[in-house]
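J.: Sending over a structure as structure tokens; questions will come in a sec.
The values are calculated or read from the model by the stated rules, or taken from the named source; none is laboratory data. All values derive from a computational prediction rather than experimental measurement. Cβ sites come from the backbone with ideal geometry, for glycine too, and all protein chains shown count toward neighbours. Ligands, DNA and RNA are excluded from the accessible area calculation, which covers all protein heavy atoms including side chains. Shrake-Rupley method; radii C 1.70, N 1.55, O 1.52, S 1.80 Å.
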Amino acid sequence: MTATAMAPDDIRRALTRIAHEVIERDKGADDVVLVGIADRGDDLARRLAAEISRIEGAEVPVGVLDITFYRDDIGLRAEAPEVHETRIDFDVSGKIVVLVDDVLYTGRTIRSAMDALMDFGRPRKIQLAVLVDRGHRELPIRADFVGKNVPTSRADNVRVQVREVDGADAVTVRRSDDGQGDA
């Protein structure tokens with residue numbers, strides 16, 4: 001069974017709210033940079049930057065971070081990892097870096113992202129923005145900005161679709177056939 005957790009308007013409203021929250025918490029956008037975790041987090045980061053720019057009138061740099069080789073399960077997975085391009089064309093040192101991802105689950109992706117980010121400098125602060133927080137943390141990591149909390153079981157599959165990759169915006173939750181679940 002598949003249920004829609006967020007429709008396109010829900011996603012748009014959530015990103016607008018997160019943009020306002022980032023501006024409020026960080027007292028503007030002057031020292032803020034966004035780094036989206038490939039793949040889909042980078043598309044959400046670009047949308048957040050556009051919304052912050054619309055609200056504040058300031059351009060916010062956006063980078064893309066691939067965490068493939070920072071994952072703690074890199075040698076444990078049977079399938080070959082999909083590698084994306086990392087593109088951070090600005091200095092993160094002394095900046096407020098907002099990491100952006102689609103789904104927060106165990107926290108392991110975010111831990112990997114923080115490790116990877118440190119190769120680019122020493123941010124003043126790292127914050128986390130996610131479209132969906134589904135719970136089931138394995139590491140002590142929480143999001144600073146959340147589009148929607150979606151209660152799930154570990155066997156559920158949460159799928160985020162973004163129009164840039166999938167042609168449409170949606171968040172769906174379905175019961176996994178094998179009982180293992182995924183991100």
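J.: Taking H as built 1.01 Å from N, whose amide H comes closer than 5 Å to the amide H of Asn149, not counting residues under 5 places away?
T.: Correct list: Asp133.
J.: Follow-up. What percent do you get for the relative contact order of the chain when only Cα pairs under 8 Å and 6+ apart count?
T.: On the way: 383 pairs, mean separation 44.5, N = 183.
The normalised contact order for the chain reaches 24 percent.
J.: In the range 122-180, carbon and sulfur make up what percent of the accessible area (probe 1.4 Å)? Write down the numbers at each step before the final one.
T.: Working: 1360 of 3150 Å².
Heavy-atom surface of the range 122-180 belonging to carbon and sulfur, 1.4 Å probe: 43 percent.
J.: Between exposed trypsin sites (Lys or Arg not before Pro) in the chain, where DSSP calls loop and at most 15 other Cβ atoms lie within 10 Å, what's the longest gap?
T.: Working: sites that count: Lys27, Arg77, Arg124, Arg137, Arg142, Arg154.
Answer from the scan: 28-76.
J.: Same structure, new question: Going through the DSSP H helices of the chain, which span 15 Å or more along their own axis at the Cα atoms while scoring at least -0.5 as a mean Kyte-Doolittle hydropathy?
T.: 41-56
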